[in-house]
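A short write-up of the structure that comes next.
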Amino acid sequence: MIEKESSQFSAVVRVVDDEEAVRKSVAFVLRLIGLDVRLYESGV
């Protein structure tokens, strides 16, 4: 079991990939463990 540590800082994971299915799959897994995720199609 993964425990979420309490912290005074909040982090955002930004997932950048041109394939929508990849973005959504990675975001799903990251959100399962409690991370805040933002999705982007391009880094430009």
Item to check | Cut-off 10 Å between beta-carbons: net charge of the residues surrounding residue 41, Lys and Arg +1, Asp and Glu -1 | outcome: -3
Checklist outcome for this item: Karplus-derived 3J(HN,Hα) from phi for segment 30-44 (6.51 cos²θ - 1.76 cosθ + 1.60, θ = phi - 60°), whole Hz, x at Gly and Pro, runs 5, 5, 4, 9, x, 8, 8, 10, 10, 10, 9, 7, 9, x, 8
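Values in this text are rule-based calculations from the coordinates and carry no lab data. Please read all numbers here as calculations on a predicted model, not as lab measurements. Glycine also receives a Cβ, built like all others from the backbone with ideal geometry; neighbour counts cover every protein chain displayed.
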